[in-house]
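Step one of this worksheet: look at the structure below.
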Amino acid sequence: MRDRVRVVVQGKGRRSRRAGFAGALWAAGELAVTVGVVVMLLVVHQVWWTNRQALSAAHAMVRELEEAAPPEEGEEGAEEDPAVGASPDGSDGSDEPDESDGSGGSDGSSGDAPANPGPRTAKPPPRESAYGILRIPRLGVAVPVAQGVDKRSVLDKGYAGHYAGTAQPGAEGNFAVAGHRNTHGEPFRYINRLRAGDELIVDVRGKRYVYLVGQTLAQTTEHDTGVIAPVPRSTVTPGAGYGEPGAYITLTTCTPEYTSKYRLVVWGTLKR
């Protein structure tokens, strides 16, 4: 009777474990690639597509406003216009509080805007409706101006948002506006390049008001409401701003780029 030969196969368990480990690595790699593609698409949408959409819509609105009231060089002083709603003290407020506090919070408000300064007393232009054009010749910018600084309904459209409670264009006080620095048309992306003497032109229903850049505050906190006060003066940076009543313009946006940590501010005075 022949002896039976037993063959023992070794290492099968190890190979199975290795194959399982390799499969897990492959699955993890595929997941990482998929997540990376999704993130890339989101970035492309946020940085490129939103700019394209907002710019197109903003340019169309500028053309519409120009056709409705062609800009003409008007008297560059405080001129009451009931349709605009400037009050004697230069404010444009309403009895209702502004829904946006400009702090970049969960209420949809913009991170490009400091907090709102307080109550209003006069009737403002229709909320979220574009009623003027801000032109920045040095930067080649022409952007619609709408009432309010709500992120979704104003700034994300590529508009500059007028702070409720601040003066109307040409009036005594401070005509203060906010705009995105990045994404959604980014009209204020390069306002850090503005220099003293540069023009900031505001066209409202056929009237033109020309301001001249005077000062720039490179960085301040989102809570520095002094920058949009009737006499703009930083409450954070001593000496930044003005000390006498006048007709001012204020541009605010986020800084550094692609963050909302601080605010960049540009001030100008009405050309007399």
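Read-outs: derived from the displayed coordinates by stated rules, not from any lab. Being a predicted model, the structure only gives us computed values, none of them experimental. FYI the Cβ positions are ideal-geometry reconstructions off the backbone, even for glycines, and counts take in every protein chain you see.
Observations on the structure shown:
- Per DSSP, loop chymotrypsin sites (Phe, Trp or Tyr not before Pro) in segment 160-226 with at most 16 further Cβ within 10 Å: Tyr190
- By the Stokes-Einstein formula, at 1.002 mPa s and 20 °C, segment 127-272 with its Kirkwood radius over alpha-carbon pairs has D equal to 145 µm²/s.
- Residue exposure sequence - Lys157, Lys151 - by fewest surrounding Cβ within 10 Å: Lys157, Lys151
- In this rough spin-label picture, where each label sits 7 Å from Cα along the Cβ direction, the Arg18-Ala57 distance is 5.8 nm.
- Between amide H atoms placed 1.01 Å from N, distances below 5 Å from Ala240 occur with Ser234, all of them 5 or more places distant or on a separate chain.
- Packing-based order for 221-227, 144-150, using average beta carbon neighbours within 10 Å, highest first: 144-150, 221-227
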